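Take a look at the structure set out below.
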Amino acid sequence: MAAAAVGVVVVVVVFLAAAVDGVAGKDCTNGFPGLTASHTERAAAAAEQRPDGEVEAARVLDLLLPHGHGHGDDHDGDRHLTPTDESTWMSLMPRRLLASPVSSPRRDAFDWLMLYRNLRGSGSGAGAIAASGGALLAEASLHDVRLQPGTVYWQAQQTNLEYLLLLDVDRLVWSFRTQAGLPASGAPYGGWEGPGVELRGHFVGHYLSATAKMWASTHNDTLLAKMSSVVDALHDCQKKMGSGYLSAFPSEFFDRVESIKAVWAPYYTIHKIMQGLLDQYTVAGNSKALDLVVGMANYFSDRVKNVIQKYSIERHWASLNEESGGMNDVLYQLYTITNDQKHLTLAHLFDKPCFLGLLAVQADSISGFHSNTHIPVVIGAQMRYEVTGDLLYKQIATFFMDTINSSHSYATGGTSAGEFWTNPKRLADTLSTENEESCTTYNMLKVSRNLFRWTKELSYADYYERALINGVLSIQRGTDPGVMIYMLPQAPGRSKAVSYHGWGTKYDSFWCCYGTGIESFSKLGDSIYFEEKGDRPVLNIIQYIPSAYNWKAAGLTVNQQLKPISSLDMFLQVSLSTSAKTNGQSATLNVRIPSWTSANGAKATLNDNDLGLMSPGSFLSISKQWNSDDHLSLQFPITLRTEAIKDDRPEYASLQAILFGPFVLAGLSTGDWNAEAGNTSAISDWISPVPSSYNSQLVTFTQESSGKTFVLSSANGSLTMQERPTVDGTDTAIHATFRVHPQDSAGQLDTQGATLKGTSVQIEPFDLPGTVITNNLTQSAQKSSDSLFNIVPGLDGNPNSVSLELGTKPGCFLVTGVDYSVGTKIQVSCKSSLPSINGIFEQAASFVQAAPLRQYHPISFIAKGVKRNFLLEPLYSLRDEFYTVYFNLGA
């Protein structure tokens, strides 16, 4: 092993030795006996209220302080989290500090350069990547990328922009100003930004990052003013406190961290604030923000120095067992700007050795670790590789990504269960409402993006696409600004709306996943285009997202457009055109050929000239003199496929997800997951696209009662009346939508063209394709005369109403009641047997044929099931609907 790696290697050897001796191997992760490391459980503990309304988080957590792991009172600081040889740790200390006993170290000098050299070993190291001739792909500036209006990605961006503009500056900085002793206007926000919550201030850091990137993506002037006001307010706070410290909570929180006492992740919050301010400088050009970051870095340099001098370097590392976010990452970034050795060394001191050490020796021992505590540490290790060229950290990141992809990720690309990693290739046991914490997806995208920039391996770009579509686009609730989820449920019959957290709210959630959420939707254009520096401009296009890119190095604007994807037209069709300020721009364009496509049917033409065969999982490279009339057309076949859950036990081999290209398809279901794939190898034998004519056959039947509008609903085998939903994307909307068609299901019938009256039809619940309502008010897959209904003019005489007459019993109709309430069951009554009293029967038997509350998604399929068929739609498109991701194909 290279000398440069000695610091990490020493640490991991000690760590593994402790594990062999029976010490809990996951003491490295932040957690206390009786309380896991999850933000969810900490927030729940913090929610306990005193009678006067103050949050009692500190007392709750203190009750759960660990015992038996070497943490005692303040004076017990020389005991360690894991038993180690003190001399081993102290050998990493600067010689001048070793001159005095640990109990009374010298404090007159602290050489950061010497400490850094001792940490990383005696060798000179690999040197920076640039110095060693390595090359990284350059990120496309968000200032130069514009998403195409009207597309899914643009709409997600605009929904997020609307939320960022809704948030009030005074409320955001309220706790910062209060902590600094400055007057604070208005009232603070609630949720995790509440004034009694120890994590307060973290979302403000995310807000600074998100607004910087959103402003770069849109150049919205109102947003620019808002984010500048936040920076100004934080500047006033730091200036008032005078030490460089800047936070929404007292510095006493770090006294507790350094004493190994319970406190909720203060370094995690500090990382968010520092990163937000750094983004305001690097992305938005606010130099005042850089001054604030430097002041914070210098303050925490002093704190860490004091811990090392007073105790040992191992004490500092023990304090990292409380979640510290990406402190190493932001400090390495800062070093690239300041070239201050102190910032480089401090960054390395946050390279958590007990976790990175395991990865350095390529041990898949991440089970039991809190996922989102440690992914940012890997991202920081990646930044270390970029800054120093130390190949060990490239190997660490590569092994980590391979480990997640091979053993710990779901079909969506996401990872974690209940915020933790579990045993490798045992994911069948983890399916629940608490899968795939959104923060982990945000951070895994960073890991894969960096690896692609280093290697140009398209497997990382394929991963990015999958996780972005299924893991990021899934977390917004449609176009509702500020409504996002924490977890992405993947158990059978679950809903994004029904989990521990469910959907958050605009002003009273502010979970960790709200912070990463607003960032994700602010930088949707940051991984479409990557440039290579050299004699000839080279552009890599790795994501197919409708957009325009100002390719300054080549003097070109690249416009990317996509034909809307449909389950009926099973191709991804991309159009790339260029416009040049002057003709004759010599450049190379590399476009990704996704691994999920097939060579059979794939096609590329340049100015209508066929470019020949393409190989999935590679680049199509074109070098030429580009002109304004150049046009590149790409056609990639999209196929259906199944993907087994990552579980190596034979009894779970039948649990598989269904994908359409990069899209994970979820089946509308409240729990049934038994598909009827049979013994065929052809997926088309049991999955077929929804015909285009079906949308025109959808209808919702409504009726007024007690001043409210009710809808006819089919759920759980019963027909009832439910109150019309006020929002889109609900199960109520699904259950109130029916496909009404002739007995010959292929027959054409336009229910939305007021042509139903006088026709004989079958009524099929939207989420149960192939199942029809019978005259006995049951559901059946057997279609016969017993499932026919006559649509006749409404018995109430209203020209807009219809009545549903039983095909087998003329004169008998579906009826409701009088002044009924939610849940009233539909009954069958016959006109001849009931005398009409004030038209009550006629009113009860009359419905308005209304526009459907739900439509088929353009990407929709029908999958055969054992007991019923499943309607498949992209997971990202669902909101409150109940769904199933993994199906049992062996039923």
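A few points about this structure:
For (1) of a type in the set (S, T, Y); (2) touching a Phe, Trp or Tyr at 6+ places or on another chain (Cβ under 6 Å); (3) not in a helix (DSSP H, G or I), each residue gets a yes or a no:
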{"site": "G276", "(1), (2), (3)": "no, no, no"}
{"site": "D279", "(1), (2), (3)": "no, no, no"}
{"site": "G285", "(1), (2), (3)": "no, no, yes"}
{"site": "V293", "(1), (2), (3)": "no, no, no"}
{"site": "R315", "(1), (2), (3)": "no, no, no"}
{"site": "E322", "(1), (2), (3)": "no, no, yes"}
{"site": "Y332", "(1), (2), (3)": "yes, no, no"}
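- Single residue of K496, K456 found to be of a type in the set (K, R) and buried (at least 24 other Cβ atoms within 10 Å of the Cβ): K496
- Matching option when the condition is modelled with pLDDT of 95 or more, open to solvent by 10 Å² or more (accessible area, probe 1.4 Å) and not assigned by the TED database to the domain that holds H202, among P489, P481: P481
- Residue in segment 666-675 that is closer than 26 Å to P765 by Cβ, open to solvent by less than 40 Å² (accessible area, probe 1.4 Å), modelled with pLDDT of 95 or more and among the hydrophobic types (A, V, I, L, M, F, W, C) present: yes
- Failed item, numbered, when E457 is tested on (1) free of Cβ contacts under 8 Å to residues at least 40 places away in the same chain; (2) more than 28 Å from T373 (Cβ to Cβ): (2)
- Among (1) touching a Phe, Trp or Tyr at 6+ places or on another chain (Cβ under 8 Å); (2) without any contact (Cβ under 8 Å) to a residue 60 or more places away in the chain; (3) polar (S, T, N, Q); (4) open to solvent by less than 10 Å² (accessible area, probe 1.4 Å) - the single one S416 does not satisfy: (1)
- If the condition is being exposed (fewer than 13 other Cβ atoms within 10 Å of the Cβ), out of contact with any Ser or Thr (no Cβ under 9 Å at 6 or more places or on another chain) and either outside the structural domain of T774 (by the TED database) or farther than 17 Å from I773 by Cα (or both), then segment 801-849 contributes S832, S833, P835, S836, I837, N838, G839.
- If the condition is being surrounded by fewer than 24 Cβ atoms within 10 Å (Cβ to Cβ) and either of a type in the set (D, E, K, R) or in contact (Cβ under 8 Å) with a residue 24 or more places away in the chain (or both), then segment 421-432 contributes T422, N423, P424, K425, R426, A428, D429, L431, S432.
- Residue in segment 481-488 that is more than 21 Å from V152 (Cβ to Cβ) and touching a residue at least 12 places away in the same chain (Cβ under 8 Å) present: yes
- The single residue among I404, I396, I366 that is aliphatic (A, V, I, L, M) and over 25 Å from L136 (Cα atoms) turns out to be I366.
- Meets criteria (crowded, with 24+ Cβ neighbours inside 10 Å and either modelled with pLDDT of 95 or more or not aliphatic (A, V, I, L, M) (or both)) for N450: no
- Each residue in segment 709-728 was checked for being over 25 Å from V483 (Cβ atoms) and in contact with a strand residue (DSSP E or B) (Cβ under 9 Å, 6 or more places away or on another chain), and 8 of them qualify.
- Filter result for the condition that a residue is assigned to a loop (DSSP other than H, G, I, E, B) and not polar (S, T, N, Q), over L804, L871, L853, L814: L853
- Candidate set from segment 224-239 (those that are surrounded by fewer than 20 Cβ atoms within 10 Å (Cβ to Cβ) and either among the aliphatic types (A, V, I, L, M) or in a loop (DSSP other than H, G, I, E, B) (or both)); member that is nearest to the chain's Cα centre (by Cα): L224
- Pair list, Cβ under 6 Å, 6 or more apart: segment 190-204 residue over 18 Å from L277 (Cβ atoms) and among the acidic types (D, E), other residue at pLDDT below 95 and part of a helix (DSSP H, G or I): E198/A57
- Selection of segment 729-740 for residues being in contact with a strand residue (DSSP E or B) (Cβ under 6 Å, 6 or more places away or on another chain), open to solvent by less than 10 Å² (accessible area, probe 1.4 Å) and not polar (S, T, N, Q) yields A736, F738, R739, V740.
- Boolean, G242 is open to solvent by 40 Å² or more (accessible area, probe 1.4 Å) and of a type in the set (G, A, S): yes
- Some residue of segment 464-473 being over 26 Å from I541 (Cβ atoms) and at pLDDT 95 or above: no
- Residue match in segment 666-675 (condition: without any contact (Cβ under 8 Å) to a residue 60 or more places away in the chain and either assigned to a strand (DSSP E or B) or among the small types (G, A, S) (or both)): no
- Given (1) modelled with pLDDT under 95; (2) out of contact with any Phe, Trp or Tyr (no Cβ under 8 Å at 6 or more places or on another chain), number of the condition L136 does not satisfy: (2)
- Applying the condition of being within 25 Å of L556 (Cα to Cα) and acidic (D, E) to segment 612-657 and asking which residue is surrounded by the fewest Cβ atoms within 10 Å (Cβ to Cβ) yields D629.
The values are calculated or read from the model by the stated rules, or taken from the named source; none is laboratory data. Remember, predicted model here, so these are calculated numbers, not experimental data. All Cβ positions, glycine included, derive from the backbone under ideal geometry; neighbour counts span all protein chains shown. Just the protein is used for accessible areas: all its heavy atoms, side chains included, with ligands, DNA and RNA removed. Shrake-Rupley method; radii C 1.70, N 1.55, O 1.52, S 1.80 Å.
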